[in-house]
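Remarks on the structure that follows.
The values are calculated or read from the model by the stated rules, or taken from the named source; none is laboratory data. Bear in mind the structure is a predicted one, so any value in this text is a computation, not a measurement. Please note: Cβ atoms are built from the backbone with ideal geometry, for glycine as well, and neighbour counts cover all protein chains shown. For accessibility, only protein heavy atoms count, side chains too; no ligands or nucleic acids. Shrake-Rupley method; radii C 1.70, N 1.55, O 1.52, S 1.80 Å.
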Amino acid sequence: MERKNLVIVGGGSTYTLGIIMSLIAEKETLPLRKLTFYDTDRERQEKIAKASEVILKEKYPELDAFEYTTDKEKAFKDIDVAFLQIRTGGLAMREKDEQIPLKYGVVGQETCGPGGMAYGMRSITDMFELVNDIRKYSKDAWIMNYTNPAAIVAEALKREFPDDNRLLNICDMPIAIMKSYADMLGKDVWDLVPGYFGLNHFGWFTKIEDKAGHDYTQTIKDKIVNEGFIPTDSEIANDQSWKQTFATARKMLMDFPDYLPNTYLQYYLYPEDLAAKEAPDNTRARQVINGRQKRVHETCDRIIENQSLEGVELTDDIHGVYMVKAAASLIYHLNHIYIVMVKNEGVISNIPSDVMVEVPTMLTADGPKAFAVGEIPTFYKGLIENQYAYEKLVVDGYFEQSYGKILQALTLNRTVTDVNKAKAILDELIEANKGYWPELKR
Ligand code: NAD
Ligand code: G6P
Ligand code: MN
């Protein structure tokens, strides 16, 4: 297999170490010649990079070069694939996204509801810039984006770069859920084949089979109802909030037993419960700062101090392995099946063609080829159309700099619904996001 050059954009991310371990675990799947980190925050990236340097020297001697930089030309020249994982405004702005809606009794979440809108309005500008910059230096590179809110980012990228066929939006939630199914069944997650439809963070598994064609859907449903549902991937298994979220997936399944739900549906199906449970001074952003970020930074410090990975607990994770395997399937035309975001174009036959859906696809050198889903039942169609109208209006609001469109978007969102609340939250978010959002015209 020919070796490739990868750039990780957002090198300072809390996910980078996991991706490094995943690149090492999957070095035969996607062998690298050169690995580069790019970030706008030199210092934040350097900590992760210095630790990565040690790890790579020990575990990836085949690599010709590892570099980290804040220089776009250096980062984006001669690359085959880019992973995009930026967070415009950082965790500090995430905390505001979560706290402001909560003041009005509305869910405060990174990707769902008003928080997702706010984050989307920040992400789009940076994402457009990055895609343009990458294309300037590497016109054929595969760009794999998982920057959140992926649904809104994907909708915006589709409109800004309609002819870019090497731009893929991808999320790890479906595979993280499948990892739990696999562990429940005592099977390998890579042996499972999903049936799935929806939008990003807004979908359902219709079926889980193995590659031999055995159908485990009912077994999984029964096990979840009778034994509960827990996260098992290393990154989230010990996280209280994720345990709670997986437990709520059981409740969703019991309320609507047709399909196995994506965990993010909890925010839309039980918005009142979810808003009531949140503590404003300890929303998810704060938990990530004191949890994942702290753990990652301490791990880096130890590795840098010891100049070795020895004695440090660090493994690959489903997030990293998924991105690496999916990239390899695109690059080497492996035609493996992954759930990603694509333009609907008839895949779900009774919703519009331009919807960015999340469905199983075959990842080929010509891009993702989605499998037909067909008609979906009224309840799911209604939910999806409503949610997509929200996503579309957010992106309309961004392009048109329209207060009215954003107000419509929030009013449609199941986590809000009340116009007075929508207005109050929007007005506060505008203040909090000065300098990040395009100025909205009333
Ligand atoms: P983080 O804040 O730890 O890392 C983001 C990094 O991006 C930071 O180092 C920051 O300096 C850098 N950055 C910000 N703006 C940039 C720009 N314009 N160019 C280059 N670098 C920039 O955040 P995190 O929690 O590690 O998450 C990173 C991103 O990945 C977020 O958007 C998160 O939501 C997303 N994510 C998505 C999925 C998914 O399934 N879609 C899974 C995990 C993480
Ligand atoms: C899942 C989602 C991502 C999200 C991540 C972290 O993997 O698919 O989109 O960014 O969880 O969420 P957290 O709330 O733990 O930061
Ligand atoms: Mn996601």
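Here are some notes:
- Where strands (runs of 3 or more DSSP E) fall entirely within the stretch 1-95, those with at least 3 residues that are open to solvent by 30 Å² or more (accessible area, probe 1.4 Å) are at 65-69.
- Just one of the listed residues (M144, M117, M121, M184) is assigned to a helix (DSSP H, G or I), within 16 Å of ligand 2 (Cβ to nearest atom) and of a type outside the set (D, E), namely M117.
- Of all residues in the stretch 274-285, those satisfying the criterion of being part of a helix (DSSP H, G or I), more than 11 Å from ligand 2 (Cβ to nearest atom) and of a type outside the set (A, V, I, L, M) are K277, P280, D281, N282.
- Filter pass, K207 being more than 16 Å from ligand 1 (Cβ to nearest atom), without any contact (Cβ under 8 Å) to a residue 40 or more places away in the chain, in a helix (DSSP H, G or I) and over 15 Å from the mean Cα position of the chain (by Cα): no
- Test: residue in the stretch 153-166 that is surrounded by 17 or more Cβ atoms within 10 Å (Cβ to Cβ), within 11 Å of ligand 1 (Cβ to nearest atom) and either of a type in the set (S, T, N, Q) or closer than 24 Å to L30 by Cα (or both): no
- Within the option set G186, G198, being on the phi > 0 side of the Ramachandran plot and within 15 Å of ligand 3 (Cβ to nearest atom) holds for one residue only, G198.
- Looking only at residues in the stretch 210-232 that are surrounded by 15 or more Cβ atoms within 10 Å (Cβ to Cβ) and assigned to a loop (DSSP other than H, G, I, E, B), the one that is nearest to ligand 3 (Cβ to nearest atom) is P231.
- Residues that are of a type in the set (G, A, S) and within 11 Å of ligand 2 (Cβ to nearest atom) were ranked within the stretch 147-174; the one that is farthest from the chain's Cα centre (by Cα) is A151.
- Conditions (1) under 14 Å from Q109 (Cβ atoms); (2) modelled with pLDDT under 95: number failed by N238: (1)
- Restricting attention to the stretch 400-428, the residues being outside any helix (DSSP H, G or I) and under 23 Å from the mean Cα position of the chain (by Cα) number 4.
- The listed residue being part of a helix (DSSP H, G or I) and at pLDDT 95 or above, out of G346, G397: G397
- The residues in the stretch 114-145 that are open to solvent by 20 Å² or more (accessible area, probe 1.4 Å), within 11 Å of ligand 1 (Cβ to nearest atom) and in contact (Cβ under 8 Å) with a residue 60 or more places away in the chain can be counted, and the count is 2.
- Among the candidates A285, A326, residue that is over 27 Å from D80 (Cα atoms), of a type outside the set (S, T, Y) and open to solvent by less than 10 Å² (accessible area, probe 1.4 Å): A285
- In the stretch 233-259, of all residues being part of a loop (DSSP other than H, G, I, E, B) and either more than 11 Å from ligand 2 (Cβ to nearest atom) or open to solvent by 50 Å² or more (accessible area, probe 1.4 Å) (or both), the one that is farthest from Y270 (Cα to Cα) corresponds to S234.
- Checking each residue in the stretch 15-55 for being near ligand 1 (Cβ under 10 Å from one of its atoms), farther than 20 Å from Q307 by Cα and among the hydroxyl-bearing types (S, T, Y) picks out Y15, Y38, T40.
- Residue in the stretch 166-179 that is among the aliphatic types (A, V, I, L, M), away from ligand 3 (no atom under 16 Å from the Cβ) and under 30 Å from Q401 (Cα atoms) present: yes
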